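Participant: This is the structure I have questions about; it appears just below.
The values are calculated or read from the model by the stated rules, or taken from the named source; none is laboratory data. Owing to the predicted nature of the structure, the values given are computational and were not obtained by experimental measurement. Here Cβ is always computed from backbone atoms with ideal geometry, including for glycine, and neighbour counts include all displayed protein chains. With ligands, DNA and RNA removed, areas are computed over all heavy atoms of the protein, side chains included. Shrake-Rupley method; radii C 1.70, N 1.55, O 1.52, S 1.80 Å.
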Amino acid sequence: MVALGLLITLAGFLLALMSLGMSSSVSGRMVMVLAGIAVSLVGIIGVINRAYMKNAIWKR
């Protein structure tokens, strides 16, 4: 699960980075960057955090 979360986070970063070459308008880049940030947050908060909460130290 952690590896999947890292891949999703990396995909979000790459989506935001690719916006530089894909669009010349500011609003187009802004939409792509915000989508990349949203994907990265899903990877970090949704996937990686759940994987670590499953084995939390206070749940032992």
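Participant: With a cut-off of 8 Å between alpha carbons and a minimum separation of six or more residues, what is the relative contact order of the chain in percent?
Facilitator: It rounds to 48 percent for the chain.
Participant: Still on this structure, please answer the following. Once neighbouring chains are kept in place and the probe is 1.4 Å, which whole percent of the accessible area of the chain is contributed by carbon and sulfur? Could you put the intermediate results ahead of the total?
Facilitator: Values: 3400 of 4500 Å².
Taking all protein chains in place, the chain shows 76 percent carbon and sulfur surface.
Participant: May I pose another question? Quick one: accessible area per residue over the chain, 1.4 Å probe, rounded to a whole number of Å²?
Facilitator: 75
Participant: For the chain, list log₁₀ I(q)/I(0) at each q in 0.14 Å⁻¹, using the Debye formula over Cα point scatterers of equal strength and ignoring solvent, two decimals each.
Facilitator: Per q value, in the given order, log10 I(q)/I(0) is -0.45.
Participant: I've got another one for you. Any idea how far apart Leu10 and Lys54 come out in nm if each label point goes 7 Å out from Cα toward Cβ?
Facilitator: Result for the modelled spin labels: 2.0 nm.
Participant: So what is the 222 nm mean residue ellipticity for the chain from helices alone, if each DSSP H run of at least 4 adds -39500 (n - 2.57) and you divide by all residues, rounding to the nearest 500 deg cm²/dmol?
Facilitator: -23000 deg cm²/dmol
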